[in-house]
2 protein chains.
Amino acid sequence: MAKTSQAAGLHRASLAKLHELDAALELMYYGWRGMTLEADAYLAKQGLSRPHHRILYVVARRPDISIGSLVEVLGISKQALNRPLNLLLERKLLTSKRSPEQHRSKLLRLTEAGRRIEQRASDHERQVLRAAFDRVGASGAAGWMGVMEAIADNS
Amino acid sequence: MAKTSQAAGLHRASLAKLHELDAALELMYYGWRGMTLEADAYLAKQGLSRPHHRILYVVARRPDISIGSLVEVLGISKQALNRPLNLLLERKLLTSKRSPEQHRSKLLRLTEAGRRIEQRASDHERQVLRAAFDRVGASGAAGWMGVMEAIADNS
DNA sequence: GCCTCATGTCAACTATGTTGACTTGAGATT
DNA sequence: AATCTCAAGTCAACATAGTTGACATGAGGC
């Protein structure tokens, strides 16, 4: 089964380039994969996956966020949020309490264990970025940020 | 339901930055989304989705590719490939024939209709990249390529 | 006491992927 | 010619990640 490749389409495929920008297009694909690969492997070892990480990531940066706001930030339905969120609560990676005022909304926070997992998973991603930035220097990094901002703001 | 946001987590969330590289990390996420958003919408109108586009993209750049090689390049199982591939054959966006020699492998090719859809979908993605590159100039684009290559080669 | 609204939950569905087990059929080997 | 190998095709069961729709609960505001 493994003739020229190692595993899972990870090898930047040797495809003919039909357009000038095909290389860039493929780089976005493999870049996304490259950044998330190790983090996903780490999360899988913890019995978690990317949706759980996204929740942990957001709650880490918005302590006391409500469920409704979390749904908005993540861009998924509350039903889709429900299962991964409950798993994180059961595993005590998150806590939810109602505040004295605003008693209607629940406030989510990371526990220490949750913070640790969020940090390690995100660190895998940040280390990949760090290594790449180091390799190209500050000007290259600035160029990267500029391009990515332009693409992201494309909405 | 829509209070401060428009749709689906598309608004680059205002999250506190816990690390220097958090901004870059989020840019990768929103950049990926930004590049694929319009292409996905176009594909959905055609009753297709990203897996179908990936198949069309690869076959366009490797005419006469075999199913086994396609499985390798895409990094999915042949069973996972089976359904989207059959849909593309049924819709006559792809053809498969056995060659006179190498009679065991099937050779995949795009039809004209398939080529048209592949081009339009990929064009949506390339136009987003083009606009971003134009906005930052050649040096920024070069920096972007350098960083993305470093990340992609992270394997 | 009622209305609103955030939250929680249940069910049914779609899509995309996995593994495992098997059949089919062409080519090569003996 | 009989047999073996291997690409391809297919079926079943399952996991994950999402959707929509419907409805229950419970706190706060009026």
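The values are calculated or read from the model by the stated rules, or taken from the named source; none is laboratory data. A quick note: this is a predicted structure, and the numbers were derived from the prediction, not measured. Glycine also receives a Cβ, built like all others from the backbone with ideal geometry; neighbour counts cover every protein chain displayed.
Here's the yes/no breakdown for (1) under 26 Å from B:ARG33 (Cα atoms); (2) facing another protein chain (nearest Cβ under 7 Å):
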position	(1), (2)
A:ASN86	no, no
A:GLU90	no, no
A:LEU107	no, no
A:GLU112	no, no
A:ARG126	yes, yes
A:ALA131	yes, yes
A:ASP134	yes, no
A:GLY140	yes, yes
A:ASN154	yes, yes
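The set of residues from the range A:63-75 being surrounded by fewer than 18 Cβ atoms within 10 Å (Cβ to Cβ) and either at pLDDT 95 or above or hydrophobic (A, V, I, L, M, F, W, C) (or both) comprises just one member, A:ILE67.
Please specify each residue of the range B:44-53 satisfying the condition of being within 11 Å of DNA strand C (Cβ to nearest atom) and surrounded by fewer than 16 Cβ atoms within 10 Å (Cβ to Cβ). Matches in the range B:44-53: B:ALA44, B:GLY47, B:SER49, B:ARG50.
If we keep just the residues of the range B:117-155 that are of a type in the set (Val, Ile, Thr) and free of Cβ contacts under 8 Å to residues at least 24 places away in the same chain, which is farthest from A:ARG135 (Cα to Cα)? The qualifying residue farthest from A:ARG135 (Cα to Cα) is B:VAL136. Within the range A:54-84, the set of residues being within 11 Å of DNA strand C (Cβ to nearest atom) and either facing chain B (nearest Cβ under 9 Å) or closer than 22 Å to B:TYR30 by Cα (or both) comprises A:ILE65, A:ILE67, A:GLY68, A:SER69, A:LEU70, A:VAL71, A:GLU72, A:SER77, A:LYS78, A:ALA80, A:LEU81. Look at B:PRO51 and say whether it is within 29 Å of A:ARG50 (Cβ to Cβ), in a helix (DSSP H, G or I), in contact with a helix residue (DSSP H, G or I) (Cβ under 9 Å, 6 or more places away or on another chain) and within 14 Å of chain A (Cβ to nearest Cβ). Yes: the conditions hold for B:PRO51. Scanning the range A:109-139 for residues that are surrounded by fewer than 21 Cβ atoms within 10 Å (Cβ to Cβ) and over 16 Å from B:ASP22 (Cβ atoms) yields A:ARG109, A:THR111, A:GLU112, A:ALA113, A:ARG116, A:ALA131, A:ASP134, A:ARG135, A:GLY137, A:ALA138, A:SER139.
Look at (1) modelled with pLDDT of 95 or more; (2) within 16 Å of DNA strand C (Cβ to nearest atom) and you find that B:ARG115 fails only one, number (2).
If you go through the range A:18-48 and keep only what is in a helix (DSSP H, G or I), more than 8 Å from every other protein chain (Cβ to nearest Cβ) and not charged (D, E, K, R), you end up with A:TYR29, A:THR36, A:ALA39, A:ALA41, A:TYR42, A:LEU43, A:ALA44.
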